[in-house]
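Reading through the C-alpha cells given below for one structure.
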Amino acid sequence: MQGRSHLLVGLAAGVVIDSIFHLSGPPLTGSHDVSLNLLIDKGVYYFAVGLGALLPDIDNARSTLGQKLGVISKGIQKLAGHRTFFHSLLGLAFGSLLAIGLERVVSYLLELRGYQFPAQFITGSHTFFFGVLFGCIFHIAADALTLGGVPLLWPYKQRYGFPPNSHWRFRTGSWPEFVIVWVIMILVAVGVYNAVIAI
Ligand SMILES: [Zn+2]
C-alpha cells in the first residue's frame with residue numbers, strides 16, 4: 001500500500017481503538033473542559049499512530065518515510081530489501097523497542113518545556129508506545145491485503161496474505177486500494193458522527 005493509504009487507514013483505526021480504550025485520555029466529544037494537556041495527550045497518540053503506520057516502509061527508499069530518511073532508508077533497502085524484516089513479527093518487536101526509546105524522548109522533551117502532566121500521562125499510560133505499535137500492526141495488516149503479501153515469519157521466506165488466495169488480493173496503488181481506504185474512512189466518519197450525535 002502507498003504511504004498516504006497507510007496513514008489514512010492507520011489513523012482511522014487509531015480513532016476506533018481510542019474510542020474503545022481511551023488511550024489518549026477522555027474523549028473530546030461532550031467534554032466540558034478541553035485542556036491544553038488533554039490536546040497534547042491526543043496529539044502525541046495520533047502522531048505515534050501515524051509514525052507507526054509509516055515505519056515498516058523504512059525499508060523502501062521511495063516510500064513517504066524513506067524519502068525523509070534518505071541515506072538511512074537506502075542503506076536498509078540495500079541490506080535487507082523491501083518487505084522483509086520490517087514487515088515481520090521480528091520487525092514488530094524491533095519497532096516496539098524503538099517506540100519505548102522514543103516515548104522516553106517525547107516525555108523528556110515535554111517535561112523540559114514545562115508540560116509536566118502530559119509527560120507523566122505518556123509515561124504512565126504508554127500512549128506513545130501503543131500508538132506506534134498499533135500503527136505498525138495496521139501497516140502490516142494492510143500490506144497483507146496486497147498481491148505481494150507479508151513475510152510475517154521472516155527470516156522464513158513464506159509470504160502471508162488475506163485472502164489467502166493471492167488472486168483475490170490487489171496490487172499496491174491500484175483502484176481497489178483507494179476503494180478500501182475510502183470505505184474505511186467513511187465508516188469511521190459515520191461512527192464518529194453517530195457518537196457525537198448520541199451525546
Ligand atoms: Zn509496507
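Scanning region 125-134 for any residue that is of a type outside the set (A, V, I, L, M, F, W, C), farther than 23 Å from S24 by Cα and either open to solvent by less than 60 Å² (accessible area, probe 1.4 Å) or in contact (Cβ under 8 Å) with a residue 40 or more places away in the chain (or both) turns up nothing. Restricting region 1-58 to residues that are open to solvent by 20 Å² or more (accessible area, probe 1.4 Å) and charged (D, E, K, R) leaves a set whose member that is nearest to the ligand (Cβ to nearest atom) is R4. Taking residues in region 141-160 that are surrounded by 13 or more Cβ atoms within 10 Å (Cβ to Cβ), and partners anywhere that are polar (S, T, N, Q) and not in a loop (DSSP other than H, G, I, E, B), the pairs with Cβ atoms closer than 6 Å and at least 6 places apart or on different chains are L147/S166. Restricting attention to region 59-79, the residues being open to solvent by 40 Å² or more (accessible area, probe 1.4 Å) and either farther than 21 Å from S5 by Cβ or more than 15 Å from the ligand (Cβ to nearest atom) (or both) number 6. Reported count of residues in region 86-113, each being surrounded by 15 or more Cβ atoms within 10 Å (Cβ to Cβ), β-branched (V, I, T) and more than 18 Å from N37 (Cα to Cα), is 0.
On inspection, G66 qualifies as in contact with a helix residue (DSSP H, G or I) (Cβ under 6 Å, 6 or more places away or on another chain), of a type outside the set (A, V, I, L, M, F, W, C) and at pLDDT below 95.
When I137 is tested against the conditions (1) surrounded by fewer than 23 Cβ atoms within 10 Å (Cβ to Cβ); (2) within 13 Å of the ligand (Cβ to nearest atom); (3) farther than 19 Å from V15 by Cα, the lone failure is (3). Here V188, V181, V192 are screened, and the one residue that is in a helix (DSSP H, G or I), under 20 Å from V16 (Cα atoms) and touching a Leu at 6+ places or on another chain (Cβ under 6 Å) is V181.
The values are calculated or read from the model by the stated rules, or taken from the named source; none is laboratory data. In this text, all values refer to a predicted model and were calculated from it rather than measured experimentally. No Cβ is skipped: glycine too gets one built from the backbone with ideal geometry, and neighbour counts run over all protein chains shown. For the accessible areas, the whole protein counts, side chains as well, though only heavy atoms, and no ligand, DNA or RNA atoms are used. Shrake-Rupley method; radii C 1.70, N 1.55, O 1.52, S 1.80 Å.
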